[in-house]
Amino acid sequence: MNEAMLLQRVKTKHCSPDIVSWYPFQMAYILQIIPDIVDNDSEFHKDVDLLWFPTGGGKTEAYLGLSAFSIFFRRLSSNKDDINGVTIIMRYTLRLLTLQQFERATALVCACEHMRKKYGIPGNEISIGLWIGSGMTPNHIEDATETLKKICEDSTATIYEANPMQITKCPWCGAEIGVGGYKVSNGSMNISCCNNHECEFHTHLPIYVVDDDIYRIAPTFVLSTVDKFARITWEEQAGNLLGANGCRPPELIIQDELHLISGPLGSITGIYEMAIENICKHYGKVPKIIASTATVKNADNQIKILYNRKMIQFPPNGLLHTDSFFAIEADLSKRPARTYLGICSIGSGTSEMLIKTFALLTFMKHLYRLQGKPTDVVDQFYTYVGYFNTLKELGSNSIIISDRISAEIKYLATYKFKKEAESVNMKIDCANADIPSYFRNNELTSRNSAKEIKAVLERLANKYTSEDCFDYIMASNMLSVGIDIDRLGVMCVYGQPKSNSEYIQATSRVGRTNPGLVISIYNSMRSRDKSYYEQFCYYHSTFYKYVEATSVTSYSPRAIEKALHCAMMAIIRHTIPRYNPNENACKFLRNDRDVELVKQSILKRVNDIEPRIKEYAEEWLNYYLDCWKELADSLPDKLVFSDYHNEDRALFRSADNQNGSDIPTILNSVRNVEPAANIYFIKR
């Protein structure tokens, strides 16, 4: 495990092995959970171990280290054929977070595969699969082939959906991987480090991004979004990831950023968690579940509803809030903390304050550069981040800043800071000006394609001495979790975010290794912003206690109507073989004993968590089974589970479409739980 993590850190951080080390809390967390993985009868195996640690503390390395242990223990503890298949499932909620962590995880998997070949460890190839949906990766080989053809014909083409090129650099050697590294043959896609003949993975990288390959191969490590698990109801091969292919079910399920599994998303996710656990249990093993977060409240209740398990928090609360043994509050004189600055202008708009702030930051960084400040100091404050709560605010301010920032900088250099500018002979508005009139910028929002997001993140890591370095970046809440770029040091927050958790997470993206500055710009016309400004010092010294409690209501009547029957059908299809093929929907028997057992197991879960709703849940499940029986009788030998071209002969009616029948729909995603509706304006 240590060797695998050493190789992973060296490859991702591009650093010397001598500076790689473990934090005490990481080792303690791993050692605490190892007995639960080794011994299925451990009294803590069914508990959820929550790693609750501040942002930037190293949570990712802790559970990647645990993943490496799980992979090798499974292979070394037995020589049976069932040691292959999925060992780890790691889940995220946001696509940007998923892509960021995928790079770290691929480096770990390549390190594990290197060790497997080096030491002759039993089992097939140690591999990783990115299972995140057609909005990002292809569902089918045919889709991947078509996309690769488009890219070959036009290398500048922007692919917004089903893009197989999720890896642009080799996770092992760092060489560029172009379209030539993606080849489709014999119904499968091979990814290789094609440009480096010396690389160990020159002919094949153990990485799979097409759903067809993932179902067939069942990679050792599956990295996914929670949304994707709604597809287990639809896909007859999805059970291969949970043990239906004859291999053991996963040893470990990792849920990162647990606080995001709340609201409607969390409520629907909790129902699908029941299906996942039920399927894994059917094939002989209930996975160990671990979770991590930096901002959460009411986690024990959230975990009870999501997983029907108890929670163990790590590190546990100590006697002092400043010392939990594994984490001690730093002395500000030895390690300066992130500094928060609040601005609230009376009489001028928030956009005006933002322009002045951006202009001042731009002027000061060039002043420091001309004064000969150390490169690392200038670089820490060179690329600043604008954080916005809505795309509307981001778009309007982006235009205003690009139009007016140059004039504001000229005013600062000519009048307000004339003495400082003259002291370094700063040139303004000339052919060889020290401050350019055009500023390199971009945005990180949901409007970006996956390829564009990766390109922006790579450029953000460039130091200011590079021509590709950004002057500033405009971001939405996509930036609030998962971004780990050490050089970012300044952020301007435009208005108070809707949740305190989001505010803490977002502002933690800057000043992760060196002192950082967060400038919160408040709108004096908004009472909420004004309240935060008036209580600024007290709030920022205690803002962790204001984190909102997560709300999950998986067994409310509306959640049951949306997803309980979906979970039941997922369990039926993947635990009762005769109902797995798509065409076998017509063979349903209403008095089937196996189906009744599945229903009773679901009702037991409902009763454990919310006994008051058990009777209604039973009525709803019986209603769906009755609908299935009626369709099977009316369409003998014709009824199928899904038919995208003719839903009239299918049991599953997509929740994305308008359903004209009385048959409950089946979700395609745990996030979008309502169909879209068109609104027409009629002139009267």
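Just so it is clear, none of the values below were taken in a lab; they were calculated from the coordinates. No experiment lies behind these values; they were computed from the predicted model shown. Every residue, glycine among them, receives a Cβ derived from its backbone with ideal geometry; neighbour counts consider all protein chains shown.
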Dipole magnitude (debye, nearest 20) for the range 519-581, charges at Cβ of Lys, Arg, Asp, Glu: 260 debye
Dipole magnitude of the chain about its Cα centre (Cβ charges: Lys, Arg +1; Asp, Glu -1), debye to nearest 20: 1340 debye
Intensity falloff of the range 339-523 expressed as log10 I(q)/I(0), Debye formula with alpha-carbon point scatterers, at q = 0.08, 0.19 Å⁻¹: -0.24, -1.44
Contour excess over end-to-end distance, with Cα ends at D662 and S188 and 0.36 nm allotted per residue: 166.7 nm
Relative contact order %, the chain, counting alpha carbon pairs below 8 Å whose residues are six or more apart: 15 percent
Spin-label zone in the range 627-671 - amide nitrogen under 19 Å from a point set 7 Å from the Cα of E161 along the C-beta vector: 643-647, 653-659, 666-671
Efficiency of FRET between V424 and C152 - r from beta-carbon atoms, R0 60 angstrom, step 0.05: 0.75
Positive-end residue of V606, I572, S642, charge dipole of the range 557-649 with Cβ unit charges: V606
Convex hull of the chain built on C-alpha atoms - directionally averaged projected area, nm²: 36.2 nm²
Relative contact order of the range 557-649, pairs being alpha-carbon contacts under 8 Å that are 6 or more residues apart, as %: 38 percent
Estimated [θ] at 222 nm from DSSP helical runs (n ≥ 4, -39500 (n - 2.57)) normalised by residues in the chain, nearest 500: -12000 deg cm²/dmol
Residue among P250, P17, N195 farthest towards the positive dipole end of the chain, charges placed on Cβ: P17
Value of relative contact order over the range 339-523, rounded to a whole percent, pairs C-alpha under 8 Å and six or more apart: 34 percent
Unit charges on C-beta of K, R, D, E only; dipole of the range 469-600, Debye: 360 debye
Sparse-neighbour loop sites [GluC sites (Glu not before Pro); the range 1-78; at most 13 other C-beta within 10 Å; DSSP]: E43
Proximal aspartates and glutamates to K599, defined as alpha-carbon separation beneath 12 angstrom and excluding residues fewer than eight positions away on the same chain: E618, E619
Three-way shape call for the range 557-649 based on the alpha-carbon gyration tensor, with the a/c threshold at 1.5: prolate
Where chymotrypsin sites (Phe, Trp or Tyr not before Pro) fall in DSSP loop in the range 148-183, at most 14 other Cβ within 10 Å: Y160
Selection from L354, F69, Q505 lying farthest towards where the dipole of the chain points positive, charges on Cβ: L354
Which listed pairs, of K285/K310; K562/K587; K297/K604; K80/K281; K59/K228; K454/K498, have C-alpha distances above 29 Å, in listed order: none
